[in-house]
Amino acid sequence: MRRAICSGILAVSAILFIVMGILVTMFFSQIIDNFIYKELVLKVGGETYEMWRKPPVEPQMKVYFFNVTNPRDFLQGEKPIFREIGPYVYNEKWEKVNFTWHPNGTVSYQPTKTFFFNREQSYGDESDLVQTLNIPLISAADQMKYAVKLTRLALGSMLGVLNQETFTVRSVRDLMWGYNDSLFKLAKDVMPPENVVPHDLFGLFVGKNGSAADGVFTISTGAKSMSNYAAIDNWNGMTKLPFWQADKCNRIVGTDGTAYPPDLTPNTTIHMFNPELCRSLPLVYHKDVVHNGVAGYRFGPPTNTFDTPATNPDNACFCPPGTMERDGNCGTQGLFNISSCKFGAPMAISWPHFLYGDPKLLENVEGLSPDPNRHGFFLDFQPKLTIAMSAKARMQINLMLSKVEDIKQVVGLREMAFPLFWFETGIDKLPEDVNQKLKMVAEMPEAARAGISYSMFGLGGILLFCVALMIWKRMKSKSYGAGGMNNADVEFEKRTDAVTVHKTNGKSRSAEESTDLPR
């Protein structure tokens with residue numbers, strides 16, 4: 001009776017262990033995910049919040065200038081010959097400031113970047129000189145491209161009085177952070193309000209150092225849902241931009257590029273919005289990568305991001321107003337016209353060295369050689385948390401030249417994209433402590449799930465084996481007991497017969513012996 005009870009208990013325990021193993025296999029990952037999601041929510045005092053507010057990384061910006069070596073020959077019809085000089089390296093400090101928390105699960109803030117020149121890692125000093133086009137002059141001439149002849153002649157005379165020339169030689173420091181320019185100051189007084197630049201100096205990165213020039217972002221904290229974690233709710237109070245021809249292109253989607261929703265897969269398309277790009281940039285899966293033992297996915301913009309509508313119909317609404325009607329086309333493959341959001345300046349962005357652009361862009365210049373490894377745009381993510389382990393955001397800024405009559409300072413210019421500089425910003429790797437945490441998040445949950453579930457299945461299997469062994473022994477014992485009594489009877493009979501035979505033989509021998517005695 002006791003053996004039967006013990007077998008029952010073991011059987012029930014075995015079934016419970018197996019069921020628990022099945023439950024762990026099915027739901028353990030979900031339990032861990034819920035714990036991770038809770039930790040990801042942006043809230044004051046949280047570890048994730050502190051890392052997001054002030055990232056513990058060492059980002060750098062590297063700037064490369066295209067120095068023109070044949071300005072006179074270019075104005076006489078020759079191809080411009082460029083010598084790339086750089087990098088000029090700037091250590092960056094990222095921090096988000098001026099927080100406002102909202103009851104709907106969003107938070108507003110202003111991102112800031114502070115730049116520190118790194119002479120040791122740079123090609124040269126910020127005092128190095130660069131020869132390039134006079135950007136304020138080219139912009140002014142472009143504004144008058146469709147004006148009446150008298151207006152263009154007047155502008156030419158004014159440029160002469162201001163001693164403005166087609167090309168200028170400036171230091172790296174001036175080009176980066178700004179310099180006084182007489183034409184630029186005059187333009188602030190005569191340009192329409194919507195085209196007035198909000199700076200007193202002219203420079204490629206003027207107003208960007210240590211300021212909150214990128215505006216106010218309002219994003220989801222993840223408290224309501226992880227599906228829109230860090231997604232932009234609005235930027236400067238707007239949910240769409242005013243620059244393009246349709247809501248599809250104006251819509252502000254994605255994140256600010258410093259955080260993304262978790263559980264990234266190769267089939268996911270994510271978006272990054274940066275005011276300097278004047279649009280949200282799509283990012284798609286490129287390949288698998290490994291950083292310091294942590295597996296991840298490389299994401300980057302599709303190669304057709306800056307294609308014309310002929311090959312990428314989604315770009316039709318990015319055509320500047322009147323372009324199709326006036327020019328009969330919507331730009332050139334590989335160029336993205338940003339004049340609409342840059343105060344009317346004839347500027348376009350591209351990938352460095354016209355990577356993935358129309359071949360004619362390279363045919364019009366000398367000194368450029370695109371290389372996907374050196375000039376590509378990518379972010380390497382740890383997919384569980386969608387945290388960037390390495391990132392290189394690379395862009396090139398170009399002046400869009402056109403032929404303008406009656407202004408002598410721009411005689412010799414023709415329709416082409418004239419590269420000014422390109423830059424990359426990002427991180428090479430994460431700090432070791434952060435990398436170890438990512439590795440733990442990537443490996444430990446699955447290892448724990450496998451270990452617990454296999455243990456449960458193993459214990460359940462062992463207990464079931466024990467129950468089966470006990471049942472087998474009981475059956476064998478019963479079978480042996482019944483068969484054992486029959487064998488004893490047979491053995492008893494054999495022994496009885498043997499005794500009888502022995503006694504009979506003894507009597508016979510006695511009789512024979514008595515017969516043989518002498519009388």
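Residue under question is H271, and the condition is that it be farther than 26 Å from T218 by Cα and part of a strand (DSSP E or B); does it hold? Criteria not met by H271. For L155, the conditions (1) surrounded by 15 or more Cβ atoms within 10 Å (Cβ to Cβ); (2) modelled with pLDDT of 85 or more are fulfilled apart from (2). For region 321-339, the set of residues classified as open to solvent by less than 20 Å² (accessible area, probe 1.4 Å) and modelled with pLDDT under 85 consists of T323 only. All conditions but one from (1) closer than 27 Å to K54 by Cβ; (2) touching a Ser or Thr at 6+ places or on another chain (Cβ under 9 Å); (3) of a type in the set (V, I, T) apply to V294; the one that does not is (2).
Please verify whether Y146 is among the hydroxyl-bearing types (S, T, Y), in contact with a strand residue (DSSP E or B) (Cβ under 6 Å, 6 or more places away or on another chain) and either modelled with pLDDT under 95 or more than 17 Å from F423 (Cα to Cα) (or both), treating the condition exactly as stated. Talk me through it step by step, then tell me what you get.
Values: among the hydroxyl-bearing types (S, T, Y): yes; in contact with a strand residue (DSSP E or B) (Cβ under 6 Å, 6 or more places away or on another chain): no; either modelled with pLDDT under 95 or more than 17 Å from F423 (Cα to Cα) (or both): yes.
For Y146, the condition - among the hydroxyl-bearing types (S, T, Y), in contact with a strand residue (DSSP E or B) (Cβ under 6 Å, 6 or more places away or on another chain) and either modelled with pLDDT under 95 or more than 17 Å from F423 (Cα to Cα) (or both) - is not met.
Does E424 qualify as being under 19 Å from T308 (Cα atoms) and open to solvent by 10 Å² or more (accessible area, probe 1.4 Å)? The answer is no for E424.
The values are calculated or read from the model by the stated rules, or taken from the named source; none is laboratory data. Remember, it's a predicted structure, so these values are computed and weren't measured experimentally. Note: ideal-geometry Cβ built from the backbone for every residue, glycine included; neighbour counts use all protein chains shown. Areas reflect the complete protein model, heavy atoms only, side chains present, ligands, DNA and RNA absent. Shrake-Rupley method; radii C 1.70, N 1.55, O 1.52, S 1.80 Å.
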